[in-house]
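The values are calculated or read from the model by the stated rules, or taken from the named source; none is laboratory data. Keep in mind that what you see is a predicted model, and the values were worked out from it rather than measured. Reconstructed Cβ throughout: ideal geometry from the backbone, glycine too, with neighbour counts over all protein chains shown.
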């Protein structure tokens, strides 16, 4: 007698769009929170931009940071419009309180190094040493978004290059990127039936940092799908939300596993998961689709959020087994792509406020493909053929050269594309 296979049921609740806190405004707000005890009457000076990538308008970005600081601090600080060096700021601080801000673009992040300077306490001290006192320092950081990227050299997806790494994990069911260790660098999370691997891709090799065995309460189910389905998400605090059709759902946070029935899948909304044993054999996901999408059976699902014109837009993609992909962006009507393979990821890869769809092909040859949902009609921006089936694909946040990247995996290799 053949085994009975479970069906994975997802219920998805979507919020299409919301006001977007731009990365520059957010990092300026964080600086205020860290230096909340600084009093009024402070003069804020912002230094020239330091960057590890080519900036087309460094002064424009410096001025934008200064305006964000002025907006967040309000009457508490007077912001000087011109840039200052540290030496110039120290001269100003011989007579009044100064907030010195050094903006820097490094490894895909905007960093603000903030230092408060104040004159020495009395005339006698100043007569002996006129150098100001540093009273408080802070370092705040945020990932580069589309607004910040507009001040840097544009990303041309057509020029993307791929690098391959041998991987020891075998069959990978899901991938994600995120700062799991909260150290400012990105890790790759790979989910298999036997374990969850946290790794990095550096110096031409796949380096496994940590291997997480599945918890006991998520033992292998007696009835499993022929083609396993899995999803993984990295939350803002570095925790993992993981679902696998052979195991169930769990979160991993600071070394602790916890079984879950609900958790967030990317930014698309609350996802409920359960198994139903005894239903007809199937390897499909059934989803309660968002309004305006009259489709019921899917075998791939992806979601993300991205900044565009001052809004945070949420995007959601569902693939029918026939190879037809439906992509919902905000409150717009779904965009339909045909002949799409089973692996799908979403993201704004060139940080221009337009969504890219990363898919495999549905034809005789296996291809990894990037399509921009440009106004008018979708446009293929990049593609590359693969000798082996691609098992999973994900989009990583900006890191090196302040560019997002694609990571794809076969049974033997990991690709990184940027």
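Condition check ((1) crowded, with 18+ Cβ neighbours inside 10 Å; (2) in contact with a strand residue (DSSP E or B) (Cβ under 8 Å, 6 or more places away or on another chain); (3) at pLDDT 90 or above) across all residues:
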{"residue": "2", "(1), (2), (3)": "no, no, no"}
{"residue": "7", "(1), (2), (3)": "yes, yes, no"}
{"residue": "12", "(1), (2), (3)": "yes, yes, no"}
{"residue": "49", "(1), (2), (3)": "yes, yes, yes"}
{"residue": "89", "(1), (2), (3)": "yes, yes, no"}
{"residue": "96", "(1), (2), (3)": "no, yes, no"}
{"residue": "100", "(1), (2), (3)": "yes, yes, yes"}
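Quick check: is even one residue across region 317-330 at pLDDT 95 or above, assigned by TED's automatic domain parsing to the domain that holds residue 244 and surrounded by 18 or more Cβ atoms within 10 Å (Cβ to Cβ)? Talk me through it step by step, then tell me what you get.
The initial filter retains those residues of region 317-330 that are at pLDDT 95 or above, namely none.
Taking every residue of region 317-330 in turn, none turns out to be at pLDDT 95 or above, assigned by TED's automatic domain parsing to the domain that holds residue 244 and surrounded by 18 or more Cβ atoms within 10 Å (Cβ to Cβ).
Kindly state which strands (runs of 3 or more DSSP E) lie completely within region 230-314 and contain at least 2 residues that are touching a strand residue (DSSP E or B) at 6+ places or on another chain (Cβ under 8 Å), surrounded by fewer than 18 Cβ atoms within 10 Å (Cβ to Cβ) and modelled with pLDDT under 80. Show your work before the answer.
Details: elements: 230-234, 240-244, 248-253, 256-259, 262-264, 270-276, 285-288, 300-308.
Those strands (runs of 3 or more DSSP E) span 256-259, 262-264, 270-276, 285-288.
For region 83-93, what are the residues that are out of contact with any helix residue (DSSP H, G or I) (no Cβ under 9 Å at 6 or more places or on another chain) and free of Cβ contacts under 8 Å to residues at least 40 places away in the same chain?
If we filter region 83-93 for residues that are out of contact with any helix residue (DSSP H, G or I) (no Cβ under 9 Å at 6 or more places or on another chain), which is where we start, we get 85-93.
Across region 83-93, the qualifying residues are 85, 86, 87, 91, 93.
Do you know which residues across region 164-197 are within 20 Å of residue 108 (Cα to Cα) and either more than 16 Å from the chain's Cα centre (by Cα) or not in a strand (DSSP E or B) (or both)?
Within region 164-197, 179, 180, 181, 182, 183, 184, 185, 186 qualify.
So, in region 52-75, how many residues would count as being touching a strand residue (DSSP E or B) at 6+ places or on another chain (Cβ under 6 Å) and without any contact (Cβ under 8 Å) to a residue 60 or more places away in the chain?
Narrowing region 52-75 to residues touching a strand residue (DSSP E or B) at 6+ places or on another chain (Cβ under 6 Å): 52-53, 55, 62, 65-66, 69-70.
Now narrow it down to the ones that are without any contact (Cβ under 8 Å) to a residue 60 or more places away in the chain: 62, 65-66, 69-70.
Residues that pass the stated criteria total 5.
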